[in-house]
Amino acid sequence: MSTTHLFFVNNSLKISLYDQISVPCFSKHDLIYLTYDFDLLEEEEDTSYRDFGNLNYEHLVGMVYQVNWDEIFTLLTVDQQTAFMTDNILRLYDATVPIRIKRASAMVQFKNQGAYRG
């Protein structure tokens, strides 16, 4: 079975990268991502993000096999099942997808305060 996945953007020329990562041992669904070049105001605060480009695939596969996924069938409510899945997926992300921090520069804070005349 084939499906179509759409990204809606206002300028297709700003798409710099798109790809699909298959993780068959974890899900029947692929991770589909797109890198889009857009104008962004400079932030005064540090920004953190997950660096999927440096996903440790081998470690992820090993950890997926360590989780007792059958436990979900013993849970009585949808809330418990959702919490089980969320907790395990977040734990897998935390262990295999590094978090990067983009530091805000002191100059941006200075410029945004209106004191910069350069």
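The values are calculated or read from the model by the stated rules, or taken from the named source; none is laboratory data. All figures in this text were calculated on a predicted structure; none of them were measured in a lab. Cβ coordinates were reconstructed from backbone atoms using ideal geometry, including for glycine residues, and neighbour counts include every protein chain displayed.
Checking SER22, SER12, SER27, SER16 one by one, the residue that is of a type in the set (Gly, Ala, Ser) and in contact with a strand residue (DSSP E or B) (Cβ under 7 Å, 6 or more places away or on another chain) is SER16 and no other.
Among the residues of the range 16-61, count how many are under 30 Å from SER105 (Cβ atoms), assigned to a strand (DSSP E or B) and not aromatic (Phe, Trp, Tyr). Break it down stepwise before answering.
Looking only at the range 16-61, we keep the residues that are under 30 Å from SER105 (Cβ atoms), and these are 16-18, 33-56.
So of that shortlist, the ones also assigned to a strand (DSSP E or B) come out as 16-18, 33-36, 47-50.
With the extra rule that they be not aromatic (Phe, Trp, Tyr), the set shrinks to 16-17, 34-35, 47-48, 50.
Total satisfying the criteria: 7.
Residues in the range 1-48 that are of a type in the set (S, T, N, Q) and in contact with a Lys or Arg (Cβ under 9 Å, 6 or more places away or on another chain) were compared, and the one that is modelled with the highest pLDDT is SER48. The residues in the range 49-68 that are over 20 Å from LEU34 (Cβ atoms) and either in contact with a Lys or Arg (Cβ under 6 Å, 6 or more places away or on another chain) or aliphatic (A, V, I, L, M) (or both) can be counted, and the count is 5.
Cβ-Cβ distances below 6 Å connect no pair with a first residue in the range 90-111 that is assigned to a loop (DSSP other than H, G, I, E, B) and surrounded by 15 or more Cβ atoms within 10 Å (Cβ to Cβ), a second residue that is at pLDDT 90 or above and aromatic (Phe, Trp, Tyr), and a separation of six or more residues or different chains.
What is the number of the single condition among (1) of a type outside the set (A, V, I, L, M); (2) free of Cβ contacts under 8 Å to residues at least 24 places away in the same chain; (3) surrounded by 12 or more Cβ atoms within 10 Å (Cβ to Cβ) that PHE73 does not meet? With respect to (1) of a type outside the set (A, V, I, L, M); (2) free of Cβ contacts under 8 Å to residues at least 24 places away in the same chain; (3) surrounded by 12 or more Cβ atoms within 10 Å (Cβ to Cβ), PHE73 is out only on (3).
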